[in-house]
Amino acid sequence: MARAKLTDRFVASVKAPPKGRLEVFDQDVRGLILRVGPTGKKSWVFRYRTADGVQRRYALGIFLNDLDQSETETLPEGDAKRQALSLFQARALARDLINKVGVGQDPSSRREHAIEEARAEPIKSFNDLKDAYFKAVETGEWRPREKPKKASTIVRERQMWAAYIDEPMGELALTDVTAPRIKGLLRDLVAKGNGTTSNRVRALLRQILNFGLAEDKLIANPVDKVKALAPERVRDRVLSDAEIKSIWEVLEDPTGLLVPDLNPKKPYQSLQVSEHVRLILKLLLLTLARRSEVAGMRIDELNLEQSAWTISGNRTKNGKANFIPLSPQAKSVIERALELRQQLGLKDSPFVFASPRGTQTAITSNPVSHGMRDICRAIGIEGATTHDLRRTAATNMASERLKIPPFLIGRILNHSGETGGAAAVTMKVYALYDYAAEKREALGKWGELVAQIIKPQQPKK
């Protein structure tokens, strides 16, 4: 086994071995191992001995290829072994485990107990199988795509089960979970206008039943006989300058606006959108970040002196940290959010947009989506969503107005990689290059364009 003083650059550049797997021991932290599989996939492992002298290995997580991440960043909350970890985070976690082993604890015992407990429980109903499935994905035992599911993905799957599957199918015996029943459930969703949701429900059902198949609880997966009933909609909605201006004006002051209501006795309701939500919507347009990333913005992610926001990998869709330079316009919005946080007595919260239900949680994505929906209904804009703000910004950047290169827009959007043509080649060649200066210039230009759109300069007389 090799031994080396691990660095970010070394870990990012080490190649897959010709055969088998490569393990490199870290010289700085005893027991920490970088494992490189035959496909080049990298992960962190901690080797230790129990109080009885038994040598064991404990999987910490996959490698987070992130050279932008500051070494002052704290470990992500929750179960770190399911996270993508940088070298700094893996070392911190390994040191913590060294301390636990030193006082006689066995890190593997808790995980093994959870797995055995899940296996021991009888599975008779669909709800039983669902419970076993979620325990298996949470412990990391079941990895449908050969990597642990992110905690946020598991939360969404639980919400989907509760909203669409639990009532019509949860209490069914496994033998009664048939293709006709599944097709009936999906047809009901399509009939209610939830076509895309029906596809997501089908995908979740397939995963849960595949788990049951692997556990020998089923002899076949009935979802295999049910095709997706709705075409996948590829959204291409881009807001016009006039729409951007109208929405921004409401984000500044929604006073006096009414939202159409289905109640015939009271066909209109006053538009109610909190300032927190309005500030989040502004940042979605200015930073091109995702809704959950902005809503969950943490104080320790911000460096306002350097006009920078770094989202850690455990909060992004692709598991890679994203460095977002803040334009003057975006920085101004965040400064107002921090003022509001102080005014509302939320200064002890780790979040910029703390939930009104408690300072230790962030505002959820739902009120942001509802706020965007109600604003658009109040001013007569149809078919616009929060994600359209991100698409609108990216489209304008790529247009003749700003002429930002596609690969750079991909870096700002934190996409895993661009497809096709020179952009894909460029991304492969310069995968380790930061592009911080270029991103700052691009977002600065976009911020200036937004400022010009919302307050166009009057022609000189």
statement: Residues in the stretch 292-322 that are closer than 21 Å to E339 by Cα, among the charged types (D, E, K, R) and within 12 Å of the chain's Cα centre (by Cα) total 1
task: Name the one entry in N99, N127 that is under 29 Å from A214 (Cα atoms) and at pLDDT 85 or above.
output: N127
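Quick grid of which residues meet (1) assigned to a helix (DSSP H, G or I); (2) within 30 Å of Q272 (Cβ to Cβ); (3) at pLDDT below 90:
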position	(1), (2), (3)
I381	no, yes, no
A393	yes, yes, no
I404	no, no, no
M427	yes, no, yes
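Specify the residue that is modelled with the lowest pLDDT; the eligible residues are those in the stretch 183-201 that are within 20 Å of R158 (Cβ to Cβ) and in contact with a helix residue (DSSP H, G or I) (Cβ under 6 Å, 6 or more places away or on another chain).
Among residues in the stretch 183-201 that are within 20 Å of R158 (Cβ to Cβ) and in contact with a helix residue (DSSP H, G or I) (Cβ under 6 Å, 6 or more places away or on another chain), the one modelled with the lowest pLDDT is T197.
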field: Meets criteria (buried (at least 16 other Cβ atoms within 10 Å of the Cβ), among the basic types (K, R) and either assigned to a loop (DSSP other than H, G, I, E, B) or more than 25 Å from the chain's Cα centre (by Cα) (or both)) for K331
entry: no
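Yes/no matrix, rows are residues, columns are (1) modelled with pLDDT of 85 or more; (2) among the basic types (K, R); (3) in contact with a helix residue (DSSP H, G or I) (Cβ under 8 Å, 6 or more places away or on another chain):
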site: P17; (1), (2), (3): no, no, no
site: R21; (1), (2), (3): no, yes, no
site: D28; (1), (2), (3): yes, no, yes
site: L34; (1), (2), (3): yes, no, yes
site: W44; (1), (2), (3): yes, no, yes
site: G53; (1), (2), (3): no, no, no
site: F63; (1), (2), (3): no, no, yes
message: Taking the conditions exactly as written (modelled with pLDDT under 90 and touching a helix residue (DSSP H, G or I) at 6+ places or on another chain (Cβ under 7 Å)), does P168 satisfy them or not?
response: no
Single residue of the stretch 227-248 satisfying the filter (without any contact (Cβ under 8 Å) to a residue 12 or more places away in the chain and assigned to a loop (DSSP other than H, G, I, E, B)) that is surrounded by the most Cβ atoms within 10 Å (Cβ to Cβ): S240
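Of all residues in the stretch 166-176, how many are within 19 Å of L218 (Cα to Cα) and in a helix (DSSP H, G or I)?
Of the residues in the stretch 166-176, 4 are within 19 Å of L218 (Cα to Cα) and in a helix (DSSP H, G or I).
The values are calculated or read from the model by the stated rules, or taken from the named source; none is laboratory data. The model shown is predicted, which means the values in this text are computed figures rather than measured ones. Heads up, the Cβs are rebuilt from the backbone with ideal geometry, glycines too, and the neighbour counts pull from every protein chain shown.
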